[in-house]
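Engineer: One structure follows; several queries about it will come next.
The values are calculated or read from the model by the stated rules, or taken from the named source; none is laboratory data. It should be emphasised that the depicted structure is a prediction, and the values quoted were computed from it without experimental measurement. In this analysis, Cβ positions are derived from the backbone assuming ideal geometry, glycine residues included, and neighbour counts consider all displayed protein chains.
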């Protein structure tokens with residue numbers, strides 16, 4: 001969920017930059033552009049941390065069930 005939202009927000013940022021570069025029709029100002037990029041970064045970090053937590057929970061449940069896959 002966070003990763004998809006992060007991608008959508010980054011696409012908005014990229015569209016703004018592309019429109020500003022090619023047709024001088026950017027719809028966000030400097031501050032808006034910074035906030036959109038910051039939001040995309042925060043959502044991306046949240047997605048990565050959630051994925052890491054899920055993996056850690058999965059690994060700990062495998063060890064408690066006696067399924068050690070390390071060899």
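Engineer: Within segment 9-45, which residues are exposed (fewer than 11 other Cβ atoms within 10 Å of the Cβ) and assigned to a helix (DSSP H, G or I)?
Structural biologist: Here is the first cut: in segment 9-45, the ones exposed (fewer than 11 other Cβ atoms within 10 Å of the Cβ) are 21-25, 29-31.
Those that are exposed (fewer than 11 other Cβ atoms within 10 Å of the Cβ) and assigned to a helix (DSSP H, G or I): 21, 22, 30, 31.
Engineer: Which number in (1) modelled with pLDDT of 90 or more; (2) part of a helix (DSSP H, G or I); (3) loosely packed, with under 14 Cβ neighbours inside 10 Å marks the one condition that residue 62 misses?
Structural biologist: Tallying (1) modelled with pLDDT of 90 or more; (2) part of a helix (DSSP H, G or I); (3) loosely packed, with under 14 Cβ neighbours inside 10 Å, residue 62 fails exactly one: (1).
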